[in-house]
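Down below is the structure, laid out as structure tokens.
Nothing in this text is a laboratory measurement; each read-out follows from the coordinates by a stated rule. This one's a predicted model, so the numbers in the text were calculated from it and none came from an experiment. For neighbour counting, all protein chains shown are included, and Cβ atoms are generated from backbone atoms with ideal geometry for every residue, glycine included.
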Amino acid sequence: MDITKYLGSAFLRVGDVKVNGPIRMVIESVTEGKFDKPDLTFDDGTRLSLNVTNTRTLARAYGTDGAGWIGKEIELYLGETEYEGKLQESILVKPISPPIEKRPPPKPKGESDKRGDLDDESEGPGRHEPGFSQFSILVKDRMDGERQYHNCQDHVYGRVIVRIRP
């Protein structure tokens with residue numbers, strides 16, 4: 001006989017974390033709960049209603065789409081938050097799974113790269129040497145509209161070193 005329905009509330013409380021210490025959980029689902037707050041359901045069936053602090057923490061780490069939170073491991077620990085001007089004990093979340101990769105926002109259609117062509121099709125000595133790539137950089141945009149370019153070659157040893165060749 002499954003006695004899960006007799007265990008009482010599945011929502012985690014401050015006392016649960018106080019007794020057990022920090023708890024690691026895996027998010028199984030994100031749903032809209034009461035009072036316009038997201039509710040997390042974990043792999044063990046327990047749930048946590050998120051306050052604004054926890055919602056922001058998870059959104060910074062995993063994005064603003066709750067579907068991206070599913071399968072992520074977080075740690076629940078005891079902390080304090082301010083509520084109605086007073087500090088109170090709360091369950092706080094700490095992302096354990098790696099955060100999502102931050103990507104720059106897409107460029108609006110029709111907007112080109114403002115730097116222009118970097119003339120990376122250059123040929124010459126060093127062009128095909130292993131570990132090297134040759135390119136030209138704009139050194140000076142003169143008042144008369146003429147541009148001066150210098151050929152460059154870079155080589156990477158853990159960081160980029162640029163050597164300018166006149």
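For the stretch 41-54, indicate whether the set of residues that are surrounded by 12 or more Cβ atoms within 10 Å (Cβ to Cβ) and more than 19 Å from Ala10 (Cβ to Cβ) is non-empty.
yes
State all residues of the stretch 7-47 that are touching a strand residue (DSSP E or B) at 6+ places or on another chain (Cβ under 9 Å), among the β-branched types (Val, Ile, Thr) and in a helix (DSSP H, G or I); if no residue qualifies, say none.
Val14, Val17
If you go through the stretch 48-91, how many residues are out of contact with any strand residue (DSSP E or B) (no Cβ under 9 Å at 6 or more places or on another chain) and of a type in the set (Val, Ile, Thr)?
Qualifying residue count, the stretch 48-91: 1.
Taking only pairs six or more apart or across chains, which ones have beta-carbon atoms under 7 Å, a first residue in the stretch 50-79 that is over 16 Å from Pro98 (Cα atoms), and a second residue that is surrounded by fewer than 16 Cβ atoms within 10 Å (Cβ to Cβ) and among the hydroxyl-bearing types (Ser, Thr, Tyr)?
Asn51/Thr81; Thr53/Thr81
Please go through the stretch 50-68 and give me each residue that is of a type in the set (Gly, Ala, Ser) and outside any helix (DSSP H, G or I), ordered by number. Break it down stepwise before answering.
Residues of the stretch 50-68 that are of a type in the set (Gly, Ala, Ser), as a first pass: 59, 61, 63, 66-68.
Of everything in the stretch 50-68, just one residue is of a type in the set (Gly, Ala, Ser) and outside any helix (DSSP H, G or I), namely Gly63.
With (1) free of Cβ contacts under 8 Å to residues at least 60 places away in the same chain; (2) part of a helix (DSSP H, G or I); (3) not β-branched (Val, Ile, Thr) as the list, and Leu87 as the residue in question, which single condition is left unmet?
Every listed condition holds for Leu87 apart from (2).
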